[in-house]
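Please read the structure below before turning to the comments.
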Amino acid sequence: MGESYFKGRGAQIKTENKFLKAQYVTDHVEGLDEPLLETPTTQIFVENPKKIVNKVDSPDLGMMFSINPYQGCEHGCIYCYARNTHEYYGFSAGLDFESKLFAKPNAAALLDEELRRPGYRPAVMAIGTNTDPYQPIEREHRITRGILEVLSRFNHPVGIVTKSALIQRDIDILAPMAAKKLAHAFVSISTLDRDLARKMDPRAPTPPRRLETIRALADAGIPVGVMSAPMIPALNDHEMEQVLEAAVAAGATAASYNVLRLPLEIKDLFTEWLEAHVPGRAQHVLDLIRDVRGGALYDSTWGKRMRGEGPYAELLRTRFRLARKRLGLDAYKTRWSLDLSLFKPPPKAGDQLTLL
């Protein structure tokens, strides 16, 4: 694999924003040894949204709520399906997504208000559905921790997806919640190959560090699973069983997987990445992706977008099913039975306490 022009960044270009009429698009000039621009530094902007809880009710995921403490993600995973959401902010799905980040410091306060609404009915609160809630800036901003503190006070169930070891910092909140069947977590591991991981997920923890995170959560009594995703044909899909085995050895008790998703501009970003890092295999990888997407690079149809279709997709499904059975993994079969019945808004500061 060749070296990136921009070290520590997954995307190497700023893609065109379809919502803007006039824009600058950065690219590399063929023949130059140096990049046209210096490696972009991370910029953090503050956003104070009016709403923080999103209702999710899809055939692929079922009914849940979701919270995204941040917009954009410094991990820089080249395959991230959420990249296109950065265009709503006037930025690109490429370099901007991983270098121009938005923090939402009022998230915990908004959540507290939402959970106190008279008509609110609890469902699993998913954190990490769009961008990683434990990306590096969480160390300073602690927005995810503030959200968990609110959920803990309300006895509200939560499910977390991350690829960061920083989640271990919040074991003091998550372990007591898990003891009441109010919390579980998934750690995302797409490959055990450190070199490949460094290029696909340039600012995320290494695969061994993620396995250590699974072990730490499991040792604390927090139900933890592995998200073997995304599976990329002819690139990392041969590792599926190895990833699951390593995760089970570390303490994972559930697993899931999905096939690479390349909506909109992400197709261009991933194609550019393939040609830069695995030029000899790039066309083969793209051909196999088309094979599982009905001839296109992406199909957003419910029921197909996560797993694909066709012989290659069916082979992946069979391999996962057999490995799950052999390893005793449940893969969302029961969702670990998070308890919705304990939810109760706590008294506000200054409220008169009931005598009963």
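The values are calculated or read from the model by the stated rules, or taken from the named source; none is laboratory data. Everything numeric in this text was worked out from a predicted model, so none of it was measured. Positions of Cβ are generated from backbone atoms using ideal geometry, with glycine treated the same way; all protein chains shown enter the neighbour counts. Ligands, DNA and RNA are stripped out before the accessible areas are found, and what is left, the full protein with its side chains, is counted by its heavy atoms. Shrake-Rupley method; radii C 1.70, N 1.55, O 1.52, S 1.80 Å.
Couple of notes before you dig in:
- From phi via Karplus (6.51, -1.76, 1.60), per-residue ³J(HN,Hα) for the stretch 281-287 in Hz, x at Gly/Pro: 10, 3, 5, 5, 4, 5, 5
- Stretchable slack from Glu149 to Lys344, in nm (0.36 nm times residue separation minus alpha-carbon distance): 68.8 nm
- Tail weight of P(r) past 23 Å, computed on alpha-carbon pairs of the stretch 92-186, percent: 25 percent
- Carbon/sulfur fraction of accessible area - the stretch 64-156, other protein chains in place, 1.4 Å, %: 49 percent
- Note on Thr318/Val53: beta-carbon distance plugged into 1/(1 + (r/R0)^6) with R0 of 51 Å gives a FRET efficiency of 0.85.
- If you wrap the Cα atoms of the stretch 205-310 in a convex hull and average its projected area over all directions, you get 7.6 nm².
- Measuring between alpha carbons in the structure, the pairs from Lys50/Lys181; Lys104/Lys304; Lys181/Lys348; Lys50/Lys199 lying more than 28 angstrom apart are Lys50/Lys181; Lys104/Lys304; Lys50/Lys199.
- Inter-probe distance in nm under a simple model that places probes 7 Å from Cα toward Cβ, at Ala175 and Gln43: 4.2 nm
- Ignoring aspartates and glutamates fewer than eight residues from Lys325 along the same chain, the ones with Cα atoms less than 18 angstrom from its Cα are Glu239, Glu241, Glu245, Glu314.
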